[in-house]
Structures are given as structure tokens and as C-alpha cells.
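Below is one structure, written out as C-alpha cells; the observations come after it.
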Amino acid sequence: MRLKGILLFCVCVYIALEACSQGNFSTSTYPFPIPVEAPPTVTMQKLAEEQIDSLKRMKMDPFHGGKKLVVDLSEISDSAWCYPLSGAKVISPYGGRGRRGHSGVDIKTKANDKIYAVFDGLVTMSQPFAGYGNCIVLRHANGMETLYSHNSKNLVRVGELVKAGQVIALTGRTGRATTEHLHFELRVGGKHYNPQLIFDHQTKQLKRHVITFTKGGGAKVE
Ligand SMILES: [Zn+2]
């Protein structure tokens, strides 16, 4: 009885294999969908986790144990950067204001205007933060960090990966601000640098040069 069962099974397998080899089960008539590749969400998720890991590690030391960080903006593609507030005017430049100087640049358009992420990055802060009001900090793979503050509304959360040009917040006057504007900072290793190192505020273009940031707070371009 058992032997008969095994024999019957073998015959069935043989018939099925024959049918396949004759092309009766071609991909177009096969009754079940044939998976051609892994679901893309798995790959994207893994990629995102790897990116987040490396961006988190960077927090420890963007200088990687040395005293310099070299950022090459000369080869960056147009889709990989974005001016943070299109059409904005500078209402207060970086540095030289008050006793300790202005830690960023103030740029203005109108209330509730779209604020864009300047590079792809990881959201490391998105919350009210003292005089900054609603504040967002992004960490970028090139070792730089950018900060966006006085926002009327933050649209991203800590731990999110954002793309260059993604709307991350709306302009406001939360915190210590007398008008709706964006206070934008460029930081490396916790120190602020002149945002003019990366942007020409007149043309709203990225400065396509190589910047060498030094741990002491200096920067050199070439
Ligand atoms: Zn400011």
C-alpha cells in the first residue's frame, strides 16, 4: 500500500516535470506570480538602517580622530543639494552681531513658507529649543550638520532620513524672533561656521569648491 503511494507520487512528479520541460508552464500561463527579486522595501529598509548607523557614528567625531574635515562640493549633483528657503533675502548675516556673534544667517520670505533640507540627511533634532523656537538639526553624510530654527511648524521627526529638497518645516517666529524668518546654521563637530561657505545667498547657488574645516573652528576653501 505504502509502496503504491510512493510510486504514484513519483509518476506525478515525472508528469509534472515533463509538462514543464515542454513549456506548458511558461511564465505567462503559470498560475502563481513568480517573484523575480526581493521586495524593494527590504532593501530600502536595510539601506536606511546602514545610513542611519553611519550617520549616528559620525556624531562622535566628524573629524575621524584628525584635526581636519575636507568636504568636496565640486562634484555634487544638482539633485543632491537645495537652498533652504527659495527666493529669500538675508536680513541678518552670520557673525559680528552682539557680544558672541550671530551663529547663523537670517533669511526671510514670508510666514509659513517651505523650508527645504539642503542635503540628504538624518534628523537628529526636531523640537522647541530655547531661543531657537521650533528647531531642526540634520546630520549629513559629508560630515556637516545644518540647523533650521524659529519654524512655525516642524514636519519631520528625529530618526527620519530626509532627501535634499524635502520640505522639513515652515517659517515662523517661534523662540527669540521679531519677524518670521529662517535662522540657518552650518555646523561641524558642534561648532558653527559661516553658511556662506556653502551657499551664495545672492544667487542661491551651492559654492562648488572644496572646504577644509579645522577642529578649532576655522575653514579654508580652494
Ligand atoms: Zn539668526
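Quick rundown of the values:
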quantity	calculated
Answer from Arg176, Arg187 - the residue that is among the basic types (Lys, Arg) and not in a loop (DSSP other than H, G, I, E, B)	Arg187
Condition broken by Phe129, with the remaining ones in (1) under 24 Å from Val221 (Cβ atoms); (2) surrounded by fewer than 20 Cβ atoms within 10 Å (Cβ to Cβ); (3) within 16 Å of the ligand (Cβ to nearest atom) satisfied	(1)
Complete set of residues in region 194-210 that are on the phi < 0 side of the Ramachandran plot and within 20 Å of the chain's Cα centre (by Cα)	Pro195, Leu197, Ile198, Phe199, Gln205, Leu206, Lys207, Arg208
Matching residues, region 90-126, being of a type in the set (Lys, Arg) and either over 19 Å from Arg173 (Cα atoms) or within 14 Å of the ligand (Cβ to nearest atom) (or both)	Arg97, Arg99, Arg100, Lys108
Filter result for the condition that a residue is touching a residue at least 24 places away in the same chain (Cβ under 8 Å), of a type outside the set (D, E, K, R), away from the ligand (no atom under 16 Å from the Cβ) and buried (at least 20 other Cβ atoms within 10 Å of the Cβ), over Pro62, Pro84	Pro62
Flag if Ser103 is among the hydroxyl-bearing types (Ser, Thr, Tyr), loosely packed, with under 13 Cβ neighbours inside 10 Å and assigned to a loop (DSSP other than H, G, I, E, B)	no
Qualifying residues in region 68-81 (those that are within 19 Å of Val188 (Cβ to Cβ) and assigned to a loop (DSSP other than H, G, I, E, B)) - the one nearest to the ligand (Cβ to nearest atom)	Trp81
Of all residues making up region 174-214, the number that are within 16 Å of the ligand (Cβ to nearest atom), of a type outside the set (Lys, Arg) and touching a residue at least 12 places away in the same chain (Cβ under 8 Å)	18
Matching entry among Leu147, Leu155 (being modelled with pLDDT of 95 or more, within 14 Å of the ligand (Cβ to nearest atom) and within 14 Å of the chain's Cα centre (by Cα))	Leu147
Within region 114-126, considering residues that are under 25 Å from Lys207 (Cβ atoms) and free of Cβ contacts under 8 Å to residues at least 60 places away in the same chain, the one surrounded by the most Cβ atoms within 10 Å (Cβ to Cβ)	Ala117
Filtered residues of region 133-167 (kept if among the hydroxyl-bearing types (Ser, Thr, Tyr) and in a strand (DSSP E or B))	Thr146, Tyr148, Ser149
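The values are calculated or read from the model by the stated rules, or taken from the named source; none is laboratory data. From a predicted model like this one, the values you see are computed outputs, not experimental measurements. So basically every Cβ, Gly included, is an ideal-geometry build from the backbone, and we count neighbours across all protein chains shown.
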